[in-house]
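Written below as structure tokens is the structure these notes are about.
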Amino acid sequence: MNPFELVKNLGNMKEQLEEAQSKLSQITATGSAGGNMVTVTLNGRFEIVDINLDPICVDNRDVGMLQDLIKAAHHAAMENVQEQIKGQLGPMMSGMNLPGMNL
């Protein structure tokens, strides 16, 4: 392999990664559970940026149900973020093997 070609390819990969990071910061997705009683919004880095709870689901006698709803909403939001990442970055990142992302 030509070492100059390798350096050129590394420069292109760096630009692609910087572009991908920029796009990830702009992605947000929301997941819900319990008929929208619980919603969780994530950014493209899978960080929680917002949680909304309908007051009807806040019952101190059934904290377990609320915990399950939060987990379910978080899972739905993660799936939505992954779909957006695939749609926006899939072609750019198709050759990269990223854990948790089936691109």
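Any chance you could give the angle, 0 to 90 degrees and rounded to 10, that helix 3-26 forms with the longest Cα principal axis of the chain? Taking Cα atoms only, the helix is inclined about 20 degrees.
The alpha-carbon of K14 sits under 29 angstrom from the alpha-carbons of these lysines, leaving out residues fewer than 8 places away in its chain: K23, K86. Measuring between their Cα centroids, the stretch 33-90 and the stretch 10-32 lie 22 Å from each other. Across the stretch 43-60, rounded Karplus estimates of 3J(HN,Hα) from the backbone phi angles (6.51 cos²θ - 1.76 cosθ + 1.60, θ = phi - 60°) give 9, x, 9, 6, 9, 6, 10, 6, 9, 10, 10, 6, x, 5, 8, 9, 10, 5 Hz, Gly and Pro being marked x. Could you tell me how many degrees, from 0 to 90 and to the nearest 10, lie between the Cα long axis of helix 63-93 and the main elongation axis, the longest principal axis, of the Cα atoms of the chain? Computed tilt is about 20 degrees. Over all pairs of different C-alpha atoms, the chain has a mean inverse distance whose reciprocal, the Kirkwood radius, equals 15.6 Å. For the chain, the relative contact order is 26 percent, taking Cα pairs closer than 8 Å that sit 6 or more residues apart in sequence and dividing their mean separation by the residue count. Spin-label pair D59-M13: with each label point 7 Å from Cα along the Cα-Cβ axis, the two points sit 5.4 nm from one another.
Any read-out appearing in this document is the output of simple, stated calculations on the displayed coordinates, not a laboratory observation. It should be emphasised that the depicted structure is a prediction, and the values quoted were computed from it without experimental measurement. Note: ideal-geometry Cβ built from the backbone for every residue, glycine included; neighbour counts use all protein chains shown.
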